[in-house]
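Every number in this text was worked out from the coordinates using simple rules, so none of it is lab data. Just so you know, these numbers come straight off a predicted model, no measurement behind them. So basically every Cβ, Gly included, is an ideal-geometry build from the backbone, and we count neighbours across all protein chains shown.
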Amino acid sequence: MNIIELLLKELDVEVANTRKMLQRIPNDQYNWQPHPKSMTVRRLASHLADLPNWIAMTLNTAELDFQKNDWKEEVVNTTEQLLAYFDRSVLNGKTSLEQARIEQLEKQWILRSGEHVILQATKYEMIRISIAQIIHHRAQMGVFLRLLNIPIPGPYGPSADDIEFAA
């Protein structure tokens, strides 16, 4: 397998696990947040659903400058809207990755806010960061759902909600 095939395989696993988590979000909890400094469920879910788009953006641009670009995530109000957004983002990210050439992955990509460089990495590294962000924010969502007493799915095996413990 080449590196693009490995990235696609990893993305497929994380997308399936993430979709299971997003499906659990109740429509009446989108405004909830566990702490004033935390994101709302809506904001976290929208960000999580958008992250596969970062793969396409990374492959098709040299940088993202928050001061010059109006990158915005969709606002979702229901889990149905959220899953549709996630599916579009996944299709966008996967299609771009399937069409990528290995040489593209070696090029530099920059995340900045004006003159302030937040991150500089190869496109390969940025794609890996995007996948890691999916995993990270999915775990955050798991904590949010746990605090709302909503059963969470196990990503790589059963969660405590998926199994019964013997007494």
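Of all aspartates and glutamates in the structure, the ones whose alpha carbon falls short of 13 Å from that of residue 123, not counting any fewer than 8 places away in one chain, are 63, 103, 106. Measuring r between the beta carbons of residue 74 and residue 149 and using R0 = 22 Å, the FRET efficiency lands at 0.20.
Give the average over all directions of the projected area of the C-alpha convex hull of the chain, one decimal, in nm². Please list the in-between numbers first.
Details: hull surface 45.9 nm².
Here the figure is 11.5 nm², rounded to one decimal.
Per residue, the average separation of C-alpha pairs within less than 8 Å and at least 6 apart gives the stretch 3-147 a relative contact order of 34 percent. Modelled spin labels at residue 102 and residue 128, positioned 7 Å past Cα toward Cβ, are 1.6 nm from each other. Between the helical axis of 79-99 and the longest alpha-carbon principal axis of the chain there is an angle of about 30 degrees.
Cross-link reach is defined here as a Cα-Cα straight distance under 18 Å, omitting same-chain residues fewer than 8 places apart; for residue 20 the lysines meeting it are 9. Here the peptides 83-93, 40-50 are ranked by packing, the mean other Cβ count within 10 Å, and the order with the highest first is 40-50, 83-93.
Taking the stretch 27-74, which chymotrypsin sites (Phe, Trp or Tyr not before Pro) meet the DSSP loop condition and have no more than 12 other C-beta atoms within 10 Å? Numbers along the way, then the final one.
Details: sites: 30, 32, 54, 66, 71; in loops: 30, 32, 66, 71.
Hits after loop and neighbour filter: 71.
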